[in-house]
Amino acid sequence: MRNAVLPRELNALIGSERKDFAVKAGRAQPRKKSWALLLFGLFWTGFTSIFVFAFLGPLFVGKEVQFESNGVPVVAGPGNLDEIVVPALIIGLFVLIGIGMLLGGLYSMFRKGGYYVGTPLRLVHYYKGTMRSIDWEQFSGDITVSGTIDTGSVSLQMRTGRMVSRKDGPERYVPDVIYMSRISNAFEIEKICRKRIKENDPTPANT
């Protein structure tokens, strides 16, 4: 299997360890995850923009805004903006959150994935001078691979994760995932990763 040409710093970290594979990822994560963030950010921004135009729109054309604060009628206008500052800041904050999600989705859509190197003992990730080393025993063995023979993506679930609350149900455990997106020889690399995870599995085998 053909390996990518690695940065000097990454080669120095690997040292004399044997390289099972070395690839350069075209993206930091699958495109569908970026689309999900983009669409949610678009929905959030559009929804909060309704409040901007409904609540603050009259001010933009020099008219007054009437609303209630703690049950008391309040009128705010071009010459009296003190009463509307706090509501405007709250609405603005939610709009900024939506814009932040949109920008984050765009960034993740075009962000490169860096280099991934697999050795018999660990997986090493290098991106813009930052290196992360993960022992194979940290992976659960749940692997997803997609794409074609030439180019594809491999997702490796880890044993670590976090609990995520749900509105209509109990908390759900979401494992951390390492994505190697748009890499060459994805199916061969999946086989290597599965082999190394099994070899380094810290769970005692059932007898």
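Dividing the C-alpha radius of gyration of region 142-196 by 2.2 N^0.38 Å, with N its residue count, gives 1.41. Size descriptors for region 106-151 (Cα atoms only): Rg and Dmax, in that order, 13.0, 35 Å. Between R166 and Y107, the distance separating the two model label sites (each 7 Å from Cα on the Cα→Cβ line) works out to 3.0 nm. The peptide list 15-22, 94-101, put in order of mean Cβ contacts within 10 Å with the highest first, becomes 94-101, 15-22.
Of all lysines in the structure, the ones whose alpha carbon falls short of 18 Å from that of K112, not counting any fewer than 8 places away in one chain, are K24, K32, K33, K128. Per-residue accessible area (protein heavy atoms, 1.4 Å probe) orders V154, V145 as V145, V154, starting from the largest.
If the segment from I50 to D201 were pulled out straight at 0.36 nm per residue, it would be longer than the present Cα-Cα gap by 49.1 nm. The ellipsoid equivalent to the alpha-carbon distribution of region 165-207 has semi-axes of 28, 21, 7 angstrom, derived from the gyration tensor eigenvalues as √(5λ) and listed largest first.
If the segment from R8 to S133 were pulled out straight at 0.36 nm per residue, it would be longer than the present Cα-Cα gap by 43.4 nm.
Decide, for region 98-207, between rounded, prolate and oblate: order the square roots of the alpha carbon gyration tensor eigenvalues as a ≥ b ≥ c, take rounded if a/c falls under 1.5, and otherwise choose prolate if a/b is larger than b/c, else oblate. Verdict is oblate for region 98-207.
The values are calculated or read from the model by the stated rules, or taken from the named source; none is laboratory data. Since the structure is predicted, the reported quantities are computational estimates derived from the model, not experimental observations. All Cβ positions, even for glycine, are placed from backbone atoms using ideal geometry, and neighbour counts span all protein chains on display. To get the accessible areas, we keep the full protein, side chains included, count just its heavy atoms, and leave off ligands, DNA and RNA. Shrake-Rupley method; radii C 1.70, N 1.55, O 1.52, S 1.80 Å.
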